[in-house]
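Reviewing the structure listed below.
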Amino acid sequence: MIETETIWNDSGYDCDHCGGQILERTDLETGQPAQVCLQCQGCGCQWQLDGEIIRIGNLTSCRRSQRVRSTEPAQTNINPFQLRLIVVASLLFLGAIVFFGGLTAIRFLVPIAIAVFVFWRLYQLGKERMWW
Ligand SMILES: [Zn+2]
Ligand SMILES: [Zn+2]
């Protein structure tokens, strides 16, 4: 015979979707390890203890916050790909310069490369500090 029991505890957090109380929900089932998650009393959102969302509530703010979360990893995934693209493109460019212009061309390219690198770092720094 399997029995289930749900225990509710106050987690001490307030929901940033609806301002409701967030409860710690413990589901006990015979023969199973206890399942603990967080659930909002107001909008019904459920989270794992590490903040990963399990169930999205019906409020607009619930869905909006979920959308913000889901776009975050996508953005960080693009960056290494873009970086690789830039590296490959610049290697091809460099190869073409050497092929057509000879080694003397590289001497002009080095200061340009340094300048580009400095500007790129400045751009990244500015983005981190929300200058643009
Ligand atoms: Zn809520
Ligand atoms: Zn919610």
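The values are calculated or read from the model by the stated rules, or taken from the named source; none is laboratory data. What you see is a predicted model; the values in this text were computed from it and never measured. Backbone-built Cβ (ideal geometry, glycine too); neighbour counts: all protein chains shown.
So the values come out like this:
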read-out: Qualifying residue in the range 100-113 (condition: hydrophobic (A, V, I, L, M, F, W, C) and at pLDDT 85 or above); value: yes
read-out: Flag if Arg69 is within 16 Å of ligand 1 (Cβ to nearest atom) and either out of contact with any strand residue (DSSP E or B) (no Cβ under 9 Å at 6 or more places or on another chain) or modelled with pLDDT of 85 or more (or both); value: no
read-out: Hits in the range 29-59 - residues which are polar (S, T, N, Q), within 12 Å of ligand 1 (Cβ to nearest atom) and at pLDDT 85 or above; value: Gln39, Gln41, Gln46
read-out: Only one of Gln21, Gln32, Gln39 that is more than 10 Å from ligand 2 (Cβ to nearest atom) and surrounded by 15 or more Cβ atoms within 10 Å (Cβ to Cβ); value: Gln21
